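Notes to accompany the following structure.
The values are calculated or read from the model by the stated rules, or taken from the named source; none is laboratory data. If you're wondering where the values come from, they're calculated on a predicted model, not measured in any experiment. Cβ: placed from backbone, ideal geometry, glycine included. Neighbour counts: every protein chain shown.
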Amino acid sequence: MTTMPTTPEPQDDDLSLLLSEPFARAWAAPAPGLPRRLAERLGDRLARSLRAEQGMCTVRRRHAAAQPLGDGALQRPLYRAPADRPARPGEPRAASVVELQAGAALALPAGGAREFLVLRGSVDVDGEGLSLRDFLLLPAGNAPRLRSTDGAHVFVREADEPGAGRTLVRDREAGWPEFAPGIRRRVLWTAGGQAALLYRADPGAAVPGHSHGHDEECLMVQGELFLDDVLLQPGDYQLAPAGTGHRITQTDTGVIIYAHGDLDLQFNGT
């Protein structure tokens, strides 16, 4: 007897199970009563969606298991680069969300350049007080200490970024420069054609199809976003490797997104 996948919970809106077996074959098979051409088009669309998703790393916040790091400190891993191959352009060593309870402190070991973005609460990082959406980049070799009086969630990205110096961008001072109709963009730092960015998009805003010269990471800070056929919600993360692309980038709700990738998007057909 064929074992069926676990049935999603009633409030679980992750549709990825419907793109896996045995459902994939059922969607691809011509449905009784459908014109053959329509069935073929549906099958082609499904096949394209599955091929595109195979190259992506998508992590749902609710599915990212919390790992204890110390008293009052948890880590939700989002990505870790394999150690058995060279890094792709712009690929991080690791990305995670660190959750600190009120009064908790955490010492990180020395490593590569680290980016810190506050997603909730406030935290002191390496002697710098940070609040919501504040950003701090520390160059490689630092062993920072994190401490939160009232509790905090902090996105932490570690990578080998050449020439990255200490950079602080405070949310209340940075503003939101216009980037495209309905979209504003804040450049947090940039070097060698790649950048760390915050995007703020109005409901209904969209970005044309584009390809990636560097790995492109998207962390949902607020709102919902379609990346092709995948709906990302607050706390969700996707890494699209260099050489891949997105046909659809659109929001119905309006969003704030942390992104790390190309400073200049490579739009298809340009």
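Pairing each residue of region 183-197 that is assigned by TED's automatic domain parsing to the domain that holds residue 159 with any residue that is crowded, with 20+ Cβ neighbours inside 10 Å and hydroxyl-bearing (Ser, Thr, Tyr), provided the two are 6+ apart or on different chains, yields no C-beta distance under 7 Å.
Condition check: modelled with pLDDT of 95 or more and assigned by TED's automatic domain parsing to the domain that holds residue 128. Does residue 150 satisfy that? Yes; evaluated as a whole, the condition is true for this residue. Just one of the listed residues (90, 72, 112, 103) is at positive phi and in contact with a strand residue (DSSP E or B) (Cβ under 6 Å, 6 or more places away or on another chain), namely 90. Answer yes or no: is there a residue in region 169-180 that is outside any strand (DSSP E or B), small (Gly, Ala, Ser), touching an Asp or Glu at 6+ places or on another chain (Cβ under 7 Å) and within 17 Å of residue 258 (Cα to Cα). Among the residues of region 169-180, not one is outside any strand (DSSP E or B), small (Gly, Ala, Ser), touching an Asp or Glu at 6+ places or on another chain (Cβ under 7 Å) and within 17 Å of residue 258 (Cα to Cα), which makes the answer no.
Screening region 99-162 for strands (runs of 3 or more DSSP E) wholly inside it with 2 or more residues that are in contact (Cβ under 8 Å) with a residue 60 or more places away in the chain and out of contact with any helix residue (DSSP H, G or I) (no Cβ under 6 Å at 6 or more places or on another chain) returns the ranges 113-121, 152-159.
Reported count of residues in region 234-262, each being at pLDDT 90 or above and either surrounded by fewer than 17 Cβ atoms within 10 Å (Cβ to Cβ) or assigned to a strand (DSSP E or B) (or both), is 18. Filtering 187, 169 for residues that are in contact with a Phe, Trp or Tyr (Cβ under 8 Å, 6 or more places away or on another chain) and within 26 Å of residue 223 (Cβ to Cβ) leaves a single hit, 169. Taken as a whole, the structure places residue 65 among residues that are in a loop (DSSP other than H, G, I, E, B), under 17 Å from the mean Cα position of the chain (by Cα) and among the hydrophobic types (A, V, I, L, M, F, W, C). You will find that of 267, 226, 179, the residue that is closer than 25 Å to residue 120 by Cβ and not charged (D, E, K, R) is 226 and no other. Scanning region 68-95 for residues that are out of contact with any Leu (no Cβ under 9 Å at 6 or more places or on another chain) and either in a strand (DSSP E or B) or under 16 Å from residue 155 (Cα atoms) (or both) yields 76, 77, 80, 93.
Against the test of being touching a residue at least 60 places away in the same chain (Cβ under 8 Å), in contact with a strand residue (DSSP E or B) (Cβ under 7 Å, 6 or more places away or on another chain), acidic (Asp, Glu) and surrounded by 20 or more Cβ atoms within 10 Å (Cβ to Cβ), the options 228, 215 yield a single qualifying residue, 215.
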